[in-house]
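The values are calculated or read from the model by the stated rules, or taken from the named source; none is laboratory data. All of these numbers come straight from a predicted model, not from anything done at the bench. Cβ atoms come from the backbone with ideal geometry, glycine included; neighbour counts cover every protein chain shown. SASA here: full protein model, heavy atoms, side chains in, ligands and nucleic acids out. Shrake-Rupley method; radii C 1.70, N 1.55, O 1.52, S 1.80 Å.
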Amino acid sequence: MTISNNSRLALILAALAIAGQLEAQVDLSAPESETEGQTEAAPSPEFIPGAPVQIRPDEGSPVAGTEVTTPEFYIGRRFQLSGSLTGGYDDNVNLTPTGSPSWYANPTVSFGYRFGSARLAMDLLTGGGITYYFEHPDGRYYDPLIYLNLSVAYKVTPRLTLDFSTFSVYESQPELGTALSATFRLGNYFRSQNLLSAHYSLSPRWSSVTGYTLGALEYASSASSVNDRLEHAFYEQLRYLWMPTTTVTGEYRFSLNESQGAQGDSNTQSLIAGLEQSFSPRFKASLRSGIQFRSSGSSSGSSSGSSSGSNGDLISPYVETSLEYELGSQGRTASRRSGASTYIIWTTRYSIEESDQQQGGGRKTFRTNLNLNYAVTARISASLALIYSNGGNGTDNQISSTSLGGSSTQNVFDITPSLRYAITQHCSVNVGYRYTDVKSGSGTAALESIQSVASYTRNRYFAGITLSF
């Protein structure tokens with residue numbers, strides 16, 4: 001994918017803004033007495049503080065929305081190595097309307113490293129594996145999986161903290177829990193989400209966060225390259241510690257989207273106000289709301305017959321909520337990864353997202369992700385992962401999908417209940433079921449390849465064993 005002038009501009013703006021934060025901390029050094037009683041933390045505005053990486057039990061890939069964690073200071077060094085072998089039956093490997101069944105085996109391995117001192121904290125999780133299909137449906141032998149998750153926080157001074165996080169994955173299965181992925185198979189692809197931010201304490205109550213995010217989606221097949229895109233976002237957030245457990249936020253965000261499809265480039269401006277509440281050390285919630293303005297730029301696909309129309313410019317409300325609740329004395333990141341605690345992580349959002357269709361533009365989408373784990377006994381735990389989204393496949397085409405007949409709305413529902421039994425401290429077994437239902441309106445198919453947007457369902461039954469050290 002070629003990086004355009006917009007990409008270079010976004011990178012320059014992010015570097016200048018964070019450099020400004022560094023210069024400010026030199027001019028406004030904080031006296032020790034002023035920062036000792038400060039209780040305002042420095043969480044990333046994109047992710048829930050302390051939320052662990054969740055791994056799908058049926059295929060070993062990280063669950064979208066939990067890939068990036070906030071590393072912890074003062075924890076020393078911790079290592080974790082695990083391997084698993086999962087097998088089962090998938091009745092729709094290729095995600096087609098008619099189905100493509102096969103038995104499968106999924107060996108995976110992962111390595112985790114966590115480090116935390118007084119000034120530097122790091123959380124690393126990397127892994128990979130394959131999903132081998134014994135029936136080779138439509139010539140498909142296996143799906144690859146390689147991922148890297150890294151979060152780093154560095155306290156430059158008592159007032160200034162720099163945060164960097166990256167999650168990159170090479171896989172074949174679509175990730176339904178994020179907008180940065182198609183909902184159907186387009187071959188192997190690379191997806192990366194990155195964050196660089198500077199958190200600066202202006203006073204014991206006031207602080208600011210300046211950040212830059214980069215999302216990248218690139219398919220290995222040249223036939224699917226029209227679905228490649230880059231997403232840049234530059235934001236400035238002001239935070240006020242209203243009460244010891246309550247923080248009020250205000251944020252301005254400018255996003256640039258570069259697409260290789262007919263929808264071309266676009267930009268979105270967002271004005272967001274938020275409220276973060278810590279009811280207890282184990283119960284946190286947040287609410288963010290505002291308004292978004294999306295404008296279409298020059299379309300790289302205009303020569304193929306599409307142009308910027310009325311659907312290219314959108315105004316939409318923005319609402320985002322998050323809830324994290326933990327029950328029990330266990331429950332730090334390590335125990336959560338092993339499934340040894342009871343917790344719930346629930347996020348919802350209504351916003352403008354970029355369509356995953358070649359002819360699509362911006363679309364208003366409601367999205368919710370739920371991850372629940374319940375420790376029934378010291379050895380038995382039950383988990384539930386739920387994904388739901390509803391969005392119209394907006395289009396910049398002069399002929400709308402509605403005028404061609406049918407609805408352009410797309411509904412995605414994915415649920416995975418599972419049970420885990422710990423045989424020993426280092427060995428556990430699990431069993432579960434995953435159901436996926438993707439419904440695309442007939443109006444969407446009128447503008448796209450029928451095979452690529454057709455509705456489908458999938459049932460996957462699985463069982464596996466995991467060794468961890």
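Observations on the structure shown:
- Counting only protein heavy atoms and a probe of 1.4 Å, the accessible surface of the range 159-299 is 63% carbon and sulfur.
- Listed by chain and number, the lysines whose alpha-carbon sits under 26 Å from that of K284, ignoring those within fewer than 8 places in the same chain, are K155.
- Calculated accessible area for the range 128-210 comes out at 35 Å² per residue, all protein chains present (probe 1.4 Å; ligands, DNA, RNA ignored).
- Heavy-atom surface of the range 72-123, accessible at 1.4 Å and reported per residue (Å²): 47 Å²
- Area accessible to solvent at E231, 1.4 Å probe radius, in Å²: 60 Å²
- Cα-based reach from K439 at 19 Å (exclusive), listing lysines while leaving out same-chain residues under 8 positions away: K364
- Heavy-atom accessible area, probed at 1.4 angstrom with all protein chains present, ranks T436, T213 as T213, T436, highest first.
- Dipole magnitude of the range 170-286 about its Cα centre (Cβ charges: Lys, Arg +1; Asp, Glu -1), debye to nearest 20: 480 debye
- Long-range amide H partners of E135 with built H, under 5 Å: W103
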